[in-house]
1. Quick one: putting +1 on the C-beta of Lys and Arg, -1 on the C-beta of Asp and Glu, what dipole do you get for the chain around its Cα centre, in Debye to the nearest 20?
2. If you roll a 1.4 Å probe over the heavy atoms of the protein chains, what accessible area per residue do you get for region 51-104, in Å²?
3. Around residue 107, under 11 Å between beta carbons, what's the net of Lys plus Arg minus Asp minus Glu among the other residues?
4. Determine how many Å³ per residue the convex hull of the Cα atoms of region 1-111 encloses.
5. Hey, can you rank 148-160, 36-48, 190-202 by average C-beta count inside 10 Å, highest first?
6. Give the percent of DSSP beta bridges with both residues in the chain that are antiparallel, rounded to the nearest 5.
7. I'd like the distance between the alpha-carbon centres of region 1-66 and region 72-114, rounded to an integer number of Å.
8. What is the Cα radius of gyration of the chain over 2.2 N^0.38 Å, N being its residue count?
Amino acid sequence: MQTVIIGSGNVAYHLAKACKQNDIPLAQIYGRNENELRKISSELHIPYSTQKLEEADLYLLSVSDQSIEEVSKIISKKNCLVAHTSGSLPKEILVGEYRKSSFYPLQTFSKSKHLDYKKIPFFIEAENSEDQQILMNLASQISANVMESTYEKRKYIHLTAVFACNFVNHLFSRAKEISDSQQIPFDYFLPLIDETVQKIHEIEPKSAQTGPAVRNDERVLQLHEQLLKDESLLLYKTINNSIKKMYHLS
């Protein structure tokens, strides 16, 4: 099956790398950023272009959510299979006389970070059972965790991911601001972070909760509030109030 990846960002890079590692042939990687395409092509030995889109049986659109609709219009081949990799958009966002689908990898991607692709869940949605099976088979060559998903379910998958990944990473950033302000090496907190994440592999997150809010320790909560200001103070109060409500402490 002739396959082309459209995009040059983090998802496109890792998707191309996953295909190469699993002997899935790619005819081309296509996009607008020639510098990034050249780097990907040089590392993975995949032909690239910023000008001519190769004809293919399958196009994987790994571009930003804001660009998917516009970029999808460049695919002129009728009745080919096109899949975007967004977690928050329906397959109907794709514009063209082709078969529309979604090929969503649930992971946070950075080009500099090595990933075990076998562990990355893929969620597949297509217009018919034949296309569903094509994409399920493709994803199964990459990952051991592949399942079908409707758009309605995928919206909640993406929302859960934002809470579990994006929000948590933002809290790491805020925590580092505090430690940096006191010249405390943030590396000292990494064992705590690692244990926190490892713990939820074994017990439910709700059962793993610790800290002053779940203990309803007002003295410590007020002490911390005195040390904070602006957005960090608002964030601290909001999260602690949420913890209290979950454990019926307020």
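1. Magnitude of the dipole: close to 180 debye.
2. Here the residues of region 51-104 average 45 Å² of exposed surface.
3. +1
4. Output value, Cα hull per residue: 93 Å³.
5. Averaged packing, sorted descending, gives the order 36-48, 148-160, 190-202.
6. Antiparallel: roughly 20 percent of the beta bridges in the chain.
7. Rounded to whole Å, the Cα centres lie 12 Å apart.
8. Expressed relative to 2.2 N^0.38 Å, the Cα Rg reads 1.22.
The values are calculated or read from the model by the stated rules, or taken from the named source; none is laboratory data. Owing to the predicted nature of the structure, the values given are computational and were not obtained by experimental measurement. Quick reminder, even Gly has a Cβ in these numbers, built from the backbone with ideal geometry, and neighbours come from all protein chains shown. The protein model used for the area step is the full one, side chains on, heavy atoms only, and it has no ligands, DNA or RNA in it. Shrake-Rupley method; radii C 1.70, N 1.55, O 1.52, S 1.80 Å.
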